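Structure, as structure tokens:
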Amino acid sequence: MTCDPVRFGVVGLGRAFMLMLPGFRADPRVKLVAAAAPREQSRNAFEAEFGGRTYADIKGLCADPEVEAIYVATPHQFHCAHVIAAAKAGKHVLVDKPLSVSMEDGTAMVSAAREAGIHLIVGPSHSFDGPVAQARALIDSGALGRVRMIQALNYTDFLYRPRRPEELRTKEGGGVLFSQGVHQIDIVRLLAGGLASSVTAMTGAWDPARPTEGAYSALLDFQGSAFASLTYSGYAHFDSDEWMGWIGELGHPKSPEAYGGARKALQAVDAADAEAALKSTRTYGAGEAPPAASHHEHFGPIIVLCERGDLRLTPTGLHVYDNFEKSFRPAPVLRFPRAEVFDAVVNAVRGNRAPAQTGAWGLATLEVCYAILEAARTGTSVALNHQIAAADGAPHPIAEER
Ligand SMILES: NC(=O)c1ccc[n+]([C@@H]2O[C@H](COP(=O)([O-])OP(=O)(O)OC[C@H]3O[C@@H](n4cnc5c(N)ncnc54)[C@H](O)[C@@H]3O)[C@@H](O)[C@H]2O)c1
């Protein structure tokens, strides 16, 4: 699509922004014109690189008439206030996952977006990854029949990467479910059609020094007789990227020799504020953005069993095992990191076409996170009530009327 670049403002110039930066730099369809951030160092870096305006908080960004869309990249606990402020100012919103910390906040955010007639997109999430979209297109084609079962697994050192204190407190959105589970749940929901009906699960919170859930196994039941098993460990010593050809989550080759790197770096800091300071060395204005990736991003091994064949997702494409043959279908050409997320924003803002990953979609994924916690706590199967189908390309009902 050729169009006037979508004029973006960003709130929060931390790690998440760094991961989107290569895309912002590469995509001529978007232009960063303003930013809001409390740290002067990152505001100065933004002005030096993009020449736009910067503000100490979101108010100025919302009042900036040039800004059409706001990327909310602040910590989880600010998503609700920042999304609602942006919506009230009539800006479209891309909010990094998770949608919010609580279901109440998420519901209010979805309502605010609907009332304002703006697009609310939850991303980036790994459900936008090229091979996931490729798998979904093959499933939608009906060539392999209905999805019957999905297995998703990821073993990482997530819990031992540097964290802010609240990232280790479940009540404040800490732990692996809200930061990592959302990726896996999004992918599985997208491939199974979106409408999960119930959850059984177990979780592990095994490190008293980092007292939050670091692992889970969950079984999701879907309408239409599919089910999925999701397993995640953020305590891993085994790194499941070994099974992804040593391509890391962000699409870069990974050295098996770097074993234990996160735990070693963490061992060198002795207090929570020193750990938060270590995290801030990876933010905008302090560190470098990751180099361009050579492969698509991924979120660990995923196998989809369909009626007439199985799919295995990799960072380079899909292995397809049908009744009589197996084949490999290369993934779409890698344009630049997270191109699919930028596609979604441009299609929404310029074409009024919503991706699957709307605010209501993000709320449904958040509901599964809470259901996993509750199912593990109570030992029961938890019914889901906020699920929506994976419907991308839908026009925005209110924006359409504006
Ligand atoms: N999709 C991904 O790959 C990915 C990766 C990392 C983080 N995230 C998400 O991004 C969000 C931020 O996480 P992070 O790791 O970047 O954290 P971070 O601490 O690195 O960055 C957050 C930034 O927000 C700024 N900030 C804090 N309060 C603010 C406020 N009131 N107004 C404006 N700016 C404010 C901080 O100064 C900091 O620079 C989280 O919700 C996380 O889940 C997503």
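For (1) away from the ligand (no atom under 16 Å from the Cβ); (2) modelled with pLDDT under 95; (3) not assigned by TED's automatic domain parsing to the domain that holds Leu250, each residue gets a yes or a no:
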site	(1), (2), (3)
Gly175	no, no, no
Gln180	no, no, no
Val188	yes, no, no
Ser198	yes, no, no
Ala205	yes, no, no
Leu220	yes, no, no
Gly224	yes, yes, no
Pick from segment 326-370, criterion of a type in the set (D, E, K, R) and under 21 Å from Pro131 (Cβ atoms), ranking: surrounded by the most Cβ atoms within 10 Å (Cβ to Cβ): Arg338
Of all residues making up segment 245-275, the number that are under 22 Å from the mean Cα position of the chain (by Cα), farther than 16 Å from Asp157 by Cβ and within 15 Å of the ligand (Cβ to nearest atom): 1
Selected residue (only one of Ala348, Ala354 is among the hydrophobic types (A, V, I, L, M, F, W, C), closer than 30 Å to Arg148 by Cβ and not assigned by TED's automatic domain parsing to the domain that holds Val188): Ala354
Per-region count, segment 250-303, residues within 17 Å of Arg39 (Cα to Cα) and surrounded by 14 or more Cβ atoms within 10 Å (Cβ to Cβ): 9
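Results for (1) closer than 16 Å to Ile185 by Cβ; (2) touching a Ser or Thr at 6+ places or on another chain (Cβ under 8 Å), shown as yes or no for each residue.
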| position | (1), (2) |
| --- | --- |
| Phe78 | no, no |
| Ala81 | no, no |
| Ala89 | no, no |
| Ala108 | no, no |
| Ile121 | no, yes |
| Pro124 | yes, no |
| Val132 | yes, no |
| Asp140 | no, no |
| Leu144 | no, no |
Boolean, Ala89 is touching a strand residue (DSSP E or B) at 6+ places or on another chain (Cβ under 6 Å) and of a type in the set (A, V, I, L, M): no
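Looking at segment 81-109, which of the residues that are hydrophobic (A, V, I, L, M, F, W, C) and buried (at least 24 other Cβ atoms within 10 Å of the Cβ) is farthest from the ligand (Cβ to nearest atom)?
In the first step, residues of segment 81-109 are kept if they are hydrophobic (A, V, I, L, M, F, W, C); the result is 81, 83-87, 89, 93-95, 99, 101, 103, 108-109.
Now narrow it down to the ones that are buried (at least 24 other Cβ atoms within 10 Å of the Cβ): 83, 86-87, 93-95, 99, 109.
Working: Val83: 11, Ala86: 12, Ala87: 16, Val93: 13, Leu94: 11, Val95: 8, Leu99: 10, Met109: 13 Å.
Out of the qualifying residues, it is Ala87.
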Hits in segment 165-177 (condition: over 19 Å from the mean Cα position of the chain (by Cα) and either among the polar types (S, T, N, Q) or part of a loop (DSSP other than H, G, I, E, B) (or both)): Arg169
Matching residues, segment 23-43, being more than 12 Å from the ligand (Cβ to nearest atom) and either over 24 Å from Ala85 (Cα atoms) or within 21 Å of the chain's Cα centre (by Cα) (or both): Phe24, Arg25, Ala26, Asp27, Pro28, Arg29, Val30, Leu32
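The values are calculated or read from the model by the stated rules, or taken from the named source; none is laboratory data. Since we're looking at a predicted model, the values are computed, not measured. We place every Cβ from the backbone using ideal geometry, glycine too, and count neighbours over all the protein chains shown.
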